[in-house]
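Each remark here refers to the structure printed beneath this line.
The values are calculated or read from the model by the stated rules, or taken from the named source; none is laboratory data. Keep in mind that what you see is a predicted model, and the values were worked out from it rather than measured. Cβ sites come from the backbone with ideal geometry, for glycine too, and all protein chains shown count toward neighbours.
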Amino acid sequence: MTMPQRAAFAAWLVLVALCVGWLYRNLSIGTDLTVFLPPSTTSAQRIVVSQLRDGVASRLMLIALEGEGTPALAQASRELVRQLKASGRFGLVNNGDLTSADKERELLAAYRYLLSPAVTAERFTVAGLSAALKESLALLASPAGPFMRKILPFDPTGESRHIVEFLVPDAGPELRHGVWFSRDGTRALLIAETRAAGFDIDGQAQAIKAIREALQATEASNVRLLLSGPGVFASEARATIESEAQWLSAAAMGLVLLILLAVYRAPGPLAFCVLPVATGMIAGIAAVSWVFGPVHGITLGFGATLVGEAADYASFAYIQAARGERLADTLARIGPTLRLAVFTTIFGASAMALSSFQGLAQLGLLTIVGVGAAGLVTRWVLPAITPANAVSRKVYGLPFDAPRAVAVVRRGSWIAVISVAAALGVVAWHHDRLWDDDLANLSPLSEAAKSLDRSLRAELGAPDVRYLVIARGKDRETALEASEAAGAWLREAVGRGWIAGYDVPSNYLPSGKTQQSRRVALPDAATLAGNLKLALRDSPFREGLFPPFLEAVERARTGPLLTMEGLRGSAFELKVNAMLFPADDGWAALAPVRGVSRPDELAAAARAAGHELLDLKMESNNLVNSYRDESLRLIALGLFCIALLLAWGLRSLVEATRVLAPVLAAVVLDVAILLLWGKRLSLFNLVALLLVVGIGLNYALFFNRPATDPDDRQRTLLSLVVCGGTTLAAFGCLAFSQTPVLHAIGVTVTLGAVLSFMTSAVLSTRESRHAGT
Amino acid sequence: MLGSVESTSARFVETRHSALLKAPLVLRGTLAYRRPDRVEKHVLTPYDERITVAGGRVTFENRTHSRRKTIAVSGAPGLAALIESIRATRAGDLPALERYYALQIEGSRERWTLTLKPLDSQIADYVVSLELSGSGVRIGKVTIEETSGDRSVMEISEQPG
């Protein structure tokens, strides 16, 4: 080892030690998909993102039990509710069984005169009571009579009924044996709201575990459990990503090593080939962890694909070494080309690193640091530690006359030109269907999981919340008043058929002002008793039935108002907390709206009332669009920088064009094929195309590198074939991923690598000066 | 037997015996059925109330109190069971009846009695049994016994045509 080599080796050891030390202490892996969302600029967008992260909808778990008879499933459902409530992990567990909602029934009973919107002074006059009694009589005589009878002496004016009418959405699932069932009676249905926020995947995973354990504890061994909901998806996605990242990178690594083994015909060089990649991964992950904190699972999965790109550097070096040539000399020879290859990739990735989306920025940084480190290790560390005869047994050329094959292929350059023209036509034809704007398509869900979710949601009457009304106030009390105002116009909207239903926090916790006005409307005990006596005179109801009613009104009249503390421990507390929270130096009350048929009218009504209608789907699509526009700008910038770098590095505009053109052609062909395949481009396709540019430039640069002699030409072409093969192996594995993101990247890069290999062979190869010799 | 009925219209007199009432409440009105799933019970006195069941929804329409409300049958299983007893008997829909009740049939074609006991434990908390009796395709009488001791008896007299 020479002095500089020793220094390089020492520096490398220190770097690796530092990175490993950092990772050992600090590495944490995140799976919060919302880091792949842009930072929100408007207050509405902040609410969208916070709803996606920990809104009610994000905490919802849909549970179905099947595989047994109806009575056994109902029994299991009850038992499960009891266990889950005891677990403390759920704020709300509901199987439709009203008898299990003790706390909530107590609240309704105690506070019905403060909660019911029907409470007015008129209702407790002789005339009002008389009308209420007549109504109760009709109910008693109706088919609902047997079920109303018990509560009638407590609540002859039907306040509990009024409250339940607006608290319980009309379109609930069927009840059998007192619990929710699917229409065909084969599945018992439940919903649960986790205490853990939606983005807290560990909390969600623990909640899922609690459900499974609770079901086991019920000893209903034949009952099958079906689970769905955002938290379930997120934790399954994490499990999928983790297991896939492991076995896919193992498979990729295995294939790459096999190819290299076939070329070097000895296991020794493999260890050296792995060094740049391994160093790159460690340095890249450490850098991301240092800058961003938690490293996202997708970043890691993507990082595994560096195997394909950075493994090439060592391959270019070892394979291009001539017989008996020292590696340091080889590297000095191909150094400029290798340096350009590394720098173009770094420039391309810089565009990603500048993204305001944390997820993309993480990928960018990981690539820059990883590829940079791999390049440095290849250039300076490998020559220092590779023994002299390490690669002496390697293959020196392809088993056929490769330069001749390239020359033949080059005659088909007109095919390439026509293909690219056709591809441009396809892209132009698809210009309005180019992009996939739906955020939902980024989620790594299988079609089976999606269809289970749809069927459970339909049966539970729990549609995806798409529209929200936001009403604001300067504090909790004024926000509740705003919520009541929103409730008033939303009720009208229901009447007009614009929406099917809505929920507002003030349903569960009316503002102090409203409660006060309802309390004032209640007459004192003597007046009420007198009025009731008069009302009962002409009524078929017996006298002396209603003391429980008189006592309840008196308790409400003299008792405390309902407060947040009063709701503690009930399902209503969770509801209110989810829909009422501090936002932007004030408070916001959210009203989820169901079954919107006239969004425009609704938005106008919201504006007229000084409220805001939020279309979560549109807002999130807007987020994705702005993200994409930004990415496109950054990619254009990246390409421009790459072009400048090439012109400077190759000292010629013509040469730079010769290198860049095949890569751009490959990108166009790649996009056209994806479109013809019926796919639309997502952000991750864009990222993958950036990678295609990086890899393609490596091919083009080496195809374009002037050869010193025919043997050199043979070795260069061999190295290109090997690099193409390893890239194909690595990204081909990724294409088999179940995770849409990884799959998209895998397919795009595999295609892109094949295409850019071919276009580079056709367009970048120089006229060989040694053809005739 | 009953399944052949396309549509019928009948008068009824229903007597509701309840411990909550000074005297039994007597309702009079009409009962109409149309294949396959529409049942309408129209109370004419002592107040005007129309209860319609069609397509899985129950509509209460009380003209005296000018109130109207529609709920899904599925959300009110007890209600569904009681209404189903009339509808399914009319429609000759034995499977629907067996979903909610244990059935017991006595007597002859000319004079039969059908006793229904709710299977669902939650409904059984409120309703002991329903007894339907009649002759041929006609239901003549429906008696509902409640666990509270209350009882209601509906006498149905078929209208010609």
Q. If you go through the stretch A:478-494 one residue at a time, do you hit one that is among the polar types (S, T, N, Q) and surrounded by 20 or more Cβ atoms within 10 Å (Cβ to Cβ)?
A. yes
Q. Within the stretch A:204-219, how many residues are hydroxyl-bearing (Ser, Thr, Tyr) and either assigned to a helix (DSSP H, G or I) or closer than 17 Å to A:GLY96 by Cβ (or both)?
A. 0
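Residue-wise test of (1) within 8 Å of chain A (Cβ to nearest Cβ); (2) modelled with pLDDT of 85 or more; (3) loosely packed, with under 15 Cβ neighbours inside 10 Å; (4) touching a Cys at 6+ places or on another chain (Cβ under 9 Å).
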position: B:TYR47; (1), (2), (3), (4): yes, yes, no, no
position: B:GLU61; (1), (2), (3), (4): no, yes, no, no
position: B:ARG90; (1), (2), (3), (4): no, no, no, no
position: B:ILE105; (1), (2), (3), (4): no, yes, yes, no
Q) Within the stretch A:534-554, how many residues are touching a Pro at 6+ places or on another chain (Cβ under 7 Å) and part of a helix (DSSP H, G or I)? A) 2
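For every residue, the table says whether it meets (1) under 20 Å from A:MET148 (Cβ atoms); (2) of a type outside the set (A, V, I, L, M); (3) assigned to a loop (DSSP other than H, G, I, E, B).
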position	(1), (2), (3)
B:LEU31	no, no, no
B:THR64	yes, yes, yes
B:LEU79	yes, no, no
B:ILE83	yes, no, no
B:ARG87	no, yes, no
B:LEU103	no, no, no
B:THR113	no, yes, no
**Q.** Positions within the stretch A:716-749 being over 24 Å from A:ARG238 (Cα atoms) and hydroxyl-bearing (Ser, Thr, Tyr), in sequence order
**A.** A:THR716, A:SER719, A:THR726, A:THR727
Q) Within the stretch A:103-162, how many residues turn out to be farther than 23 Å from B:PHE60 by Cα and at pLDDT below 90? A) 8
Q: Starting from the stretch A:669-695, take each residue that is surrounded by fewer than 24 Cβ atoms within 10 Å (Cβ to Cβ) and list its partners that are of a type in the set (Asp, Glu), counting only C-beta distances under 6 angstrom and pairs at least six apart or across chains.
A: A:ARG680/A:ASP436; A:SER682/A:ASP436
Q) Considering only residues of the stretch B:115-141 that are in contact with a helix residue (DSSP H, G or I) (Cβ under 7 Å, 6 or more places away or on another chain) and in a strand (DSSP E or B), which is nearest to A:ARG176 (Cα to Cα)? A) B:PRO118
**Q.** Qualifying position, being at pLDDT below 95, buried (at least 18 other Cβ atoms within 10 Å of the Cβ), touching a strand residue (DSSP E or B) at 6+ places or on another chain (Cβ under 6 Å) and hydrophobic (A, V, I, L, M, F, W, C), among A:LEU590, A:LEU567
**A.** A:LEU590
Q) Here are some residues: A:ARG89, A:ARG82, A:ARG78. Which one is basic (Lys, Arg) and farther than 30 Å from B:PRO118 by Cβ? A) A:ARG89
Q. Got a sec? Which of A:LEU365, A:LEU327, A:LEU270 is more than 37 Å from the chain's Cα centre (by Cα), within 19 Å of A:VAL16 (Cβ to Cβ) and of a type in the set (A, V, I, L, M)?
A. A:LEU270
Q: Kindly indicate which of A:GLN83, A:GLN75, A:GLN45 is over 24 Å from A:HIS177 (Cβ atoms), part of a helix (DSSP H, G or I) and either of a type in the set (Ser, Thr, Tyr) or touching a residue at least 24 places away in the same chain (Cβ under 8 Å) (or both).
A: A:GLN45
Q: Look at the stretch A:256-274 and say how many of its residues are over 20 Å from A:LEU398 (Cα atoms) and hydroxyl-bearing (Ser, Thr, Tyr).
A: 0
(Q) Residue under question is A:GLY88, and the condition is that it be more than 28 Å from B:GLU146 (Cα to Cα), surrounded by fewer than 18 Cβ atoms within 10 Å (Cβ to Cβ), within 14 Å of chain B (Cβ to nearest Cβ) and of a type outside the set (Lys, Arg); does it hold? (A) no
Q: Among residues belonging to the stretch B:125-161 that are surrounded by 19 or more Cβ atoms within 10 Å (Cβ to Cβ) and of a type in the set (A, V, I, L, M, F, W, C), point out the one that is nearest to the other protein chains (Cβ to nearest Cβ).
A: B:VAL127
Q: Taking A:ASP615 as the residue in question, decide whether it is under 12 Å from A:ILE470 (Cα atoms), of a type in the set (D, E, K, R) and under 25 Å from the mean Cα position of the chain (by Cα).
A: yes
Q: Return the total of residues in the stretch A:503-528 being assigned to a loop (DSSP other than H, G, I, E, B) and either touching a strand residue (DSSP E or B) at 6+ places or on another chain (Cβ under 9 Å) or hydroxyl-bearing (Ser, Thr, Tyr) (or both).
A: 5
(Q) Quick test for you: out of A:VAL288, A:VAL274, A:VAL232, pick the one residue that is part of a helix (DSSP H, G or I), in contact with an Asp or Glu (Cβ under 9 Å, 6 or more places away or on another chain) and not small (Gly, Ala, Ser). (A) A:VAL232
Q: Report whether or not A:PRO547 is away from every other protein chain (no Cβ under 14 Å), of a type outside the set (S, T, N, Q) and out of contact with any strand residue (DSSP E or B) (no Cβ under 9 Å at 6 or more places or on another chain).
A: no
**Q.** Subset of the stretch A:651-667 [surrounded by fewer than 20 Cβ atoms within 10 Å (Cβ to Cβ) and touching a residue at least 60 places away in the same chain (Cβ under 8 Å)]
**A.** A:ALA661
Q) Quick one: is A:ASP97 of a type in the set (D, E, K, R) and within 39 Å of the chain's Cα centre (by Cα)? A) yes
Q | Among (1) in contact with a helix residue (DSSP H, G or I) (Cβ under 8 Å, 6 or more places away or on another chain); (2) within 12 Å of another protein chain (Cβ to nearest Cβ); (3) at pLDDT 80 or above - the single one B:PRO24 does not satisfy | A | (1)
(Q) On the basis of being polar (S, T, N, Q) and either within 25 Å of B:ARG151 (Cα to Cα) or within 13 Å of another protein chain (Cβ to nearest Cβ) (or both), does B:THR8 make the cut? (A) no
Q.
One residue is enough: does the stretch A:584-596 have a residue meeting the conditions assigned to a helix (DSSP H, G or I) and hydrophobic (A, V, I, L, M, F, W, C)?
A. no
